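Here the structure is laid out as structure tokens; the discussion comes afterwards.
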């Protein structure tokens, strides 16, 4: 089965594109959870992606500041790569994702500051 990447690394990511990518990834990978952990000052959702159910936890956070849209893009591609490799039972850079996602939980907050990112991209 062929899989077409959802996350386009060829264009900057904004809040609307993040929501599109998140929704599509959650449709493609039913084990990927999107949890709203809060709202920004301007009322935008702050998403947390949860992958795996293990006792060991890892947290990745992107876009703390306005100039960090690239960190969001990298984290979204990372989430997609993890999910894709897991579903197709492929190793990711030599690592067995079945084992990793059974023993660890990976939390990804791809865009902590959606307001600051929007101000930057609107200019």
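Laboratory data are not the source of any read-out in this text; all were calculated from the coordinates shown. Predicted model only: the values in this text are computed from it and were never measured. Cβ coordinates were reconstructed from backbone atoms using ideal geometry, including for glycine residues, and neighbour counts include every protein chain displayed.
Where both partners of a DSSP beta bridge lie in the chain, what percent of those bridges are antiparallel, to the nearest 5? Don't jump to the answer; show the numbers that get you there.
Numbers: 10 of 16 bridges.
Antiparallel: roughly 60 percent of the beta bridges in the chain.
Exposure proxy check: 111, 70 ranked by fewest other beta carbons within 10 Å?
On the way: 111 31, 70 13.
Going from least to most buried by this count: 70, 111.
If one takes the longest principal axis of the Cα atoms in the chain, at what angle in degrees, from 0 to 90 and to the nearest 10, does the Cα axis of helix 69-87 lie?
Helix 69-87 and the main axis of the chain meet at about 20 degrees.
Pop the C-beta distance of residue 55 and residue 90 into the FRET formula with R0 = 25 Å and round what comes out to the nearest 0.05.
On the way: r = 24 Å, r/R0 = 0.97.
Efficiency at R0 = 25 Å is approximately 0.55.
What list of whole percents do you get for P(r) of the chain, with Cα-Cα distances grouped in 10 Å bins up to the one holding the largest distance?
13, 45, 31, 9, 1
Which semi-axes, in whole Å and largest first, does the equivalent ellipsoid of the range 1-59 have when worked out from the alpha carbon gyration tensor as the square roots of 5 times its eigenvalues? Please list the in-between numbers first.
Working: eigenvalues 82, 75, 20 Å².
Over the Cα atoms of the range 1-59, the ellipsoid semi-axes are 20, 19, 10 Å.
When the helices in the chain are scored as -39500 (n - 2.57) per DSSP H run of 4 or longer and the sum is shared across all residues, what 222 nm value do you end up with, to the nearest 500 deg cm²/dmol?
Numbers: 4 runs with 49 residues, N = 123.
Counting only the DSSP helices, I get -12500 deg cm²/dmol.
Roughly what angle does helix 15-28 make with the longest principal axis of the chain, taking Cα atoms, 0 to 90 degrees, to the nearest 10?
20 degrees
Please give the Cα centre distance for the range 1-47 versus the range 58-123, rounded to the nearest Å.
With the range 1-47 and the range 58-123 each reduced to a Cα centre, they are spaced 10 Å.
Percent relative contact order of the chain, based on C-alpha pairs within less than 8 angstrom and at least six residues apart? Please list the in-between numbers first.
Values: 208 pairs, mean separation 42.2, N = 123.
Once normalised by length, the contact order is 34 percent.
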